[in-house]
Each structure stands twice: as C-alpha cells, then as structure tokens.
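What follows is a short report on a single structure.
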Amino acid sequence: MTVQDTQAATAPEAAAAEVPMVVAQRVRKRFGQLEVLRGIDLEVGRGEVVVLLGPSGSGKSTFLRCINHLEQIDAGSIHVEGRLIGFRRSGERVHHLRPREVTRQRRDIGMVFQHFNLFPHQTVLENVIEAPVGVLGLSKAEARKTAMELLTRVGLAEKAASYPRQLSGGQQQRVAIARALAMRPKLMLFDEPTSALDPELVGEVLATMRDLARDGLTMLVVTHEIGFAKEVADRVVFMDDGQVLETGTPQEVLDSPANPRTRAFLSRFL
Amino acid sequence: MATTQPPATRDDPGKAELPPGAVPVVDVAGASPVRHPLRWLAVLLLAVLGAQLVHFLVTNPHFEWGTVGAYFGAQVIGQGIVTTVELTAIAMLIGIAGGVLVAVGRMSENRVLSTVCGAYVWFFRGIPVLVQLVFWYNLSALLPRISFGVPFGPEFISGHTNTLITPWLAAILGLGLNEAAYMAEIVRGGLLGVDQGQTEAAAALGMGRARILRRVILPQAMRFIIPPTGSQVINMLKATSLVSVLALADLLYTVQSIYNRTFETIPLLIVACLWYLVMTSVLYVGQSFIERYYARGATRHAPQGFWNFALFRRRPDAPSPAADSPLAKEET
C-alpha cells in the first residue's frame, strides 16, 4: 500500500472494504526527554496477523497502546478502518476528540495485556459480559450466551463462576482473550500476552491465539515467541529504538534478516 | 549417606564414634519445650492487678452501681443516644459524600480544581474539630445575616444567622465538613490503590470514564476505603461528644446535665462510658461484615457467606489442618 491509498482511506466510507485495518504514518511519541517512537510507518491488512519483534524498550508496546489511544501520539497519524484515531479533521485543522468519542473508537479494537488485567472483583462470566452489557447494551441473557460460547472456545466454560485469582495465569489470559472477543472486535492487539506466564502455560495461550488467526481475525501481536511468529504470522516487523528496521514474511525477517541489528537480536533466541 | 551404628543414647549424644561425614540418628518427636519464666511472671503480675481491679470495682461505694443500673435504661439517656447516633450518621454522610467529591477534585487534571480541593483538606485537617465547632456556633458574630441569591445580585432567601445556625446545624457543619477532609484522603488513597491496568483494560473495552469509576475502580477501591472508614465512623461517634460544648443534648451532655443537678457524677459518667462501648462494639462487628463483602475475589478462597460469618462457622476452605475437606480440593 502506498501513501495514495492511505489518503483515499480517509475519505468517508467510500472505499471502506479496501482500506487496510491499520495505517500508521510517521507516528512519534515522547515521554519527557525520551523519544520512544521516532516515526513509525506500518500497515496491517484485513485478516492479517502481524508480529512486532524487538528488544525491550524498542517502543513496540507503546506503539500498540497508541493504536487504541491508551497513549496519545505527538505527531503523525494512526487510522483504523480509515478512521483517524484520537483526533478529528475539519478542513485544514486537526482537533482532539472528546473522551467520549475516543471511548467509542475503542469498541472495535480488542486488547490483551501482559498482566491480563481481569477485574478481580467479578467472576469470569461477569468479566466477559461487563462491556457487552454496559457498553453495547446487550441484554444479560444474550451476553451470557455469547460469553459461554467464547469461554467454551478458550476451553474455560467450567470456570465461568470462578474468580480470576482462583485461575492459573494461562487460564486468566484465555479469559482475557474471551473478554476482548465478546465486544466482537475487528482488530485485536496483543501486548506480550505470554510474557508474564510460567513456561508450561505459554502453550495454551498461543494455541488459543493460533485458533483466532486461523479464523481470519486481524491481529497485531507484540511477543518474544519467535516460534509463534514463524508459524502464525503473515508478516513480521522488527523494531528497535523507536523505529521499524525491517518488515517482511517470517522467512525473510527471521531466517535471513537483512539488518545487522535484527540478526543480533535473533541470535539470542538460538 | 546412611549411618550404620545404633541410635546414640541421650547421655552421650556426641560421644558415639561416627565415621567422618556421618550424622547421629536423632528423633525430635517429644522434645521438651523451651521454658518462659518471664512470661509466667507477667501473667502472675496481671492476675494480681486484675484481682485488685475487681476488688476495687466491687467494694468502692462511689461507683454507686445501683444508680448506674437505674439510669442505664432511662428514657433521657435514650434520647441522648438517639442524638449521638443521628449526629454520627448525618455527619458521616456529609463526610463521605463531600470526601468523594473532594477526592475526585484533587485527582482532576484541572490545576485550579485540584489546588482548591487540596487547600480544603489542608484547612479542615489543620484546625481542631472543637475549634471548628465553636466557630460555626459563633458564626453570627462574623456574619449577622445569611442570604442566598445571585452573587453580588438580588437575594432570594435571607435570614438571621442566629436563627439559621442552630446548635444542631453548627454541630453537623463542624463535624461533617471536617470529616469530608479526612474522607477525601481515604477515598483518594483507595482510588490510587487500584492497579492502573484495571483502568486501561476497561478503557480498551470501550468503557467510558464514569462507568470505569463506578463498575471497575470503586468496587475495588472499597477494599481500601472501608476499613479506615469504619474507624472514622467509630471516631466520629466518639467525636460527637464534643458537641456537648454547644449545649446540644447528646449522650455526654445529657449525663452532664443530670449530674450537675444530682451530683451523681461518677455513676452517670459510667453510664455514658458503657453506652459508648456498646455502640462502638456494634460498629466493629458491622465493619467486619462489610469488609468481608468487599474482599470477594481478593483471595483464592471463595468469599464467606454472611450467615457462616455471623454464626462463627469455620469457612470450608480455611487454611487449617482440619479443613482438608473435599470442598477445598474441588476449588483448585
């Protein structure tokens, strides 16, 4: 995709079907003195699974959090399904969106966190139906039905009445995935979903994610699981020091990296 | 490394000739416990002091236990108790509502708002409640008339401060506004105690700020807010006795006005003490119920039901040796 296409993408609804799911253009973000994103350009197509790799501190997680506006970008732009995230254009000027409008934009973007962040005061089922009932206005019965289907899908239907702290880390993360899916997102962001897990629990979460990828869900995944990237990703993006250094198929980036820094990073996983 | 020689006897535990690197065979079952003579001495001392106290309570005629008994259930005292409870309840309600507002204001991104709310806390926490009460009571000396209307414009309602600020209102204002400052800090601490990830996860699900506060943050913050609020209620109940200086007929003022007439000072003060103890004890029990409710999901154990707690039933999954019940195992 080229810049022309992304400009077309901002045109209202017209070419909605062809617009990539995510278009990030020259995204910059700084925390005080530290510039963590230094001009990120990235596209994610519909149904594509993109894995973001890179050393810690390279800005992968920050970039992911910019996509649903948990962090506000300082420059550049991010479009999801052709909609400018966090801002509104009117003529030549760009305005900040009101909190309510940002909230609205987040509905279609699911996110899974490193530390699961399940609501500890609610049971598994309550966690999953909270947003569908409260935000989408579904009836409880309806939301429960969908929730049970999703919990069955992640293999945790029998834990519906448990509280998060009664579950293992892997189970909690699978509930978190079900909770995000309950909003029927068009895009799922995974922020190091297995980094807080004991090694023997990583597999069950990756299996769930593989299952989602097979179903054609658009996924942007920050992870250190090279094996998962190789097997599931359509595209791998290598980031370092707030910039995208290399993009390509898993074979291109993982097996024959062009950039010396990518090579240095990958050599640590051998 | 196994040892081959017979067990060492108690008399010569070290003498047995062990091959190098071997340890004697020892069984620690039935070992004699360590003695604590100082503890026993302390217990003895306390026992003597306790006996003295009982002797004092029983034999000292100035307690006038008969008089205590006669007044304990008296109707006047009952009215004083009602006033004390009323003051506590209303002042706490003002305190909690005001505290939530001030806490949210202090955490606002708006500098003016957060500074003003911070100043409120500084001001009301910095002046003794007794001084505040007296000040409210004497407000008429500063402001002879109070009116409500458009600022610098027409008045809608106005009246003399002395008729508006009754001792009761002065007490409510003094106790309530002071309490709001303390509650603001408690609420703020509770809100800050909830993991930031909770807000993020809820926001990522498309929940708005008000909904996040109400459905996600507050229920969790309650676990941090309830215990100190419980002790605030208990403190408030005791602090209401200060309003006796405003000649408001709370429990303390009621007993004072009786003993000023009859000179039965000690027995009436004991009546007041007993009633304060009864009320604070009830509050302690109530507080534990509420704490248990808000602790649900906070541990790996299922929350204990109200009746199990009320009837002192042991929770089935409590970590005690006897509780290795099938219930506990099913949970994991």
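The stretch B:223-271 and the stretch B:149-207 have their alpha-carbon centroids 25 Å apart.
Please compute one quarter of the surface area of the Cα convex hull for chain A and express it in square nanometres. Show your work: numbers first, answer last.
Values: hull surface 61.0 nm².
Projected area, direction-averaged: 15.3 nm².
Heavy atoms of chains B and A lose about 2300 Å² of accessible surface on contact, summed over both sides with a 1.4 Å probe. Given A:K60/A:K159; A:K145/A:K230; A:K29/A:K186; A:K145/A:K186; A:K140/A:K186; A:K186/A:K230, which pairs have Cα atoms separated by over 29 Å? Pairs exceeding the cut-off: A:K60/A:K159; A:K145/A:K230.
Mind checking the dipole of the protein assembly as shown: about its Cα centre, +1 per Lys or Arg Cβ, -1 per Asp or Glu Cβ, Debye to the nearest 20?
Details: 57 positive and 52 negative charges, 219 e Å.
I would put it at about 1060 debye.
If Lys and Arg each add +1 and Asp and Glu each add -1, what is the summed charge of the other residues whose beta carbon sits under 12 Å from the beta carbon of A:H95? Let's see the in-between values first.
Numbers: positive: A:R88, A:R89, A:R93, A:R98; negative: A:E92, A:E101.
Overall, the nearby charge balance is +2.
Here the stretch B:62-132 and the stretch A:21-92 have alpha carbon centers that stand 51 Å from each other.
Principal axis extents of the C-alpha atoms in the protein assembly as shown (largest first, rounded to whole Å): 105, 99, 49. Counting only heavy atoms of the protein chains and using a 1.4 Å probe, A:E158 has close to 140 Å² of accessible surface. Among residues other than A:A24 with Cβ under 10 Å from its Cβ, the summed charge is -1 (Lys and Arg +1, Asp and Glu -1).
Springs between Cα atoms under 10 Å define the GNM used for chain A, and in it the highest mean-square fluctuation of A:V80, A:V154, A:V135 occurs at A:V135. Taking all protein chains together and rolling a 1.4 Å probe, B:V100 ends up with roughly 60 Å² accessible. Taking every DSSP bridge with both residues inside the protein assembly as shown, close to 65 percent are antiparallel.
From the protein chains alone at 1.4 Å, what is the descending order of accessible area for A:L266, B:L45, B:L213, largest first? Present the calculation step by step, with values, prior to reporting the outcome.
Numbers: A:L266 20, B:L45 115, B:L213 65 Å².
Sorted descending by solvent-accessible area, the residues read B:L45, B:L213, A:L266.
Accessible-area loss of 40 Å² or more (1.4 Å probe, protein heavy atoms, chain alone versus all protein chains) is found in the stretch B:176-204 for B:Q198, B:E200, B:A201, B:A203, B:A204.
The residues packed around B:L164, meaning those with a beta-carbon under 14 Å from its beta-carbon, carry a net charge of 0 if Lys and Arg are +1 and Asp and Glu are -1. Modelled this way, with points 7 Å down the Cα-to-C-beta line, the labels at B:A74 and B:L93 are 3.1 nm from one another.
Surface composition of the stretch A:57-177: carbon plus sulfur atoms hold 46% of the accessible area, using a 1.4 angstrom probe and ignoring ligands, DNA and RNA. For the protein assembly as shown, the solvent-accessible area with a 1.4 angstrom probe is 55 square angstrom per residue.
Solvent-accessible surface of protein heavy atoms, probed at 1.4 angstrom with all chains present, puts B:F124, B:F72 in the order B:F72, B:F124, largest first.
Could you please put A:L189, A:L70 in sequence from largest to smallest accessible area, using a 1.4 Å probe? Let's see the in-between values first.
Numbers: A:L189 0, A:L70 35 Å².
Heavy-atom accessible area, descending, gives A:L70, A:L189.
The Cα-based radius of gyration of the stretch B:205-249, divided by its Kirkwood radius, gives an Rg/Rh of 1.34.
The values are calculated or read from the model by the stated rules, or taken from the named source; none is laboratory data. For clarity, every value in this text was computed on a predicted model and none was experimentally measured. FYI the Cβ positions are ideal-geometry reconstructions off the backbone, even for glycines, and counts take in every protein chain you see. Note: areas computed on protein heavy atoms with side chains; ligands, DNA, RNA excluded. Shrake-Rupley method; radii C 1.70, N 1.55, O 1.52, S 1.80 Å.
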